[in-house]
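Remarks on the structure that follows.
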Amino acid sequence: QLQAFGGGLVQAGGSLRLSCVASGRTFSRATVGWFRQTPGKEREFVAGITWTGGDTKYGDSVKGRFTISRDNAKNTVYLQMNSLKPEDTAVYYCSAAYALGYVSRWSTSYDSWGQGTLVTVSS
């Protein structure tokens with residue numbers, strides 16, 4: 001089971017850090033991805049990281065502003081979001097793929113999903 005934390009309301013230009021915690025099953029061999037979704041739109045890839053942390057990928061709209069990292073000892077993956085923009089407003093989901101050795105930008109590649117945390121960026 002995955003749980004995402006850290007969403008909230010922030011002004012444009014501000015920062016938030018999201019956390020994704022795995023319970024019942026460790027993250028240690030999983031590729032973890034963050035996606036986001038707004039009403040009426042497809043789920044969008046935000047960032048992903050392999051289980052070693054050796055490979056990370058970012059969506060074009062967040063590159064240079066967001067950073068994904070992980071602490072396998074704490075079973076936690078983080079998404080540091082800086083220079084937030086109103087268009088970053090969305091529900092953010094974390095996901096895990098346990099048989100994937102790379103970062104996929106496709107949501108269908110991921111097996112497990114958290115419940116989502118809402119990020120609202122005001123202008």
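The values are calculated or read from the model by the stated rules, or taken from the named source; none is laboratory data. Only a predicted model underlies this, so the values are computations on that prediction, with no experimental measurement involved. Here the Cβ positions follow ideal geometry from the backbone for every residue, glycine too, while neighbour counts run over all protein chains shown. The protein model used for the area step is the full one, side chains on, heavy atoms only, and it has no ligands, DNA or RNA in it. Shrake-Rupley method; radii C 1.70, N 1.55, O 1.52, S 1.80 Å.
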Compactness of the chain as Cα Rg over 2.2 N^0.38 Å, two decimals: 0.96
Leading residue at positive end of dipole, the chain (Cβ point charges), from G40, W113, T76: T76
Karplus-derived 3J(HN,Hα), 6.51/-1.76/1.60, for each residue of the range 84-97, Hz, glycine and proline x: 5, 10, x, 6, 7, 4, 4, 8, 9, 10, 9, 8, 9, 10
Surface share of carbon and sulfur [accessible, 1.4 angstrom probe, percent] for the chain: 49 percent
Surface accessible to a 1.4 Å probe, per residue, for the residues of the chain, Å²: 50 Å²
Whole-number percent relative contact order across the range 1-47, with pairs defined as alpha carbons under 8 Å at least 6 apart: 28 percent
Over the range 57-123 - Rg/Rh using Cα atoms and the Kirkwood inverse-distance radius: 0.96
Accessible surface of K57 - all protein chains present, 1.4 Å probe, nearest 10 Å²: 60 Å²
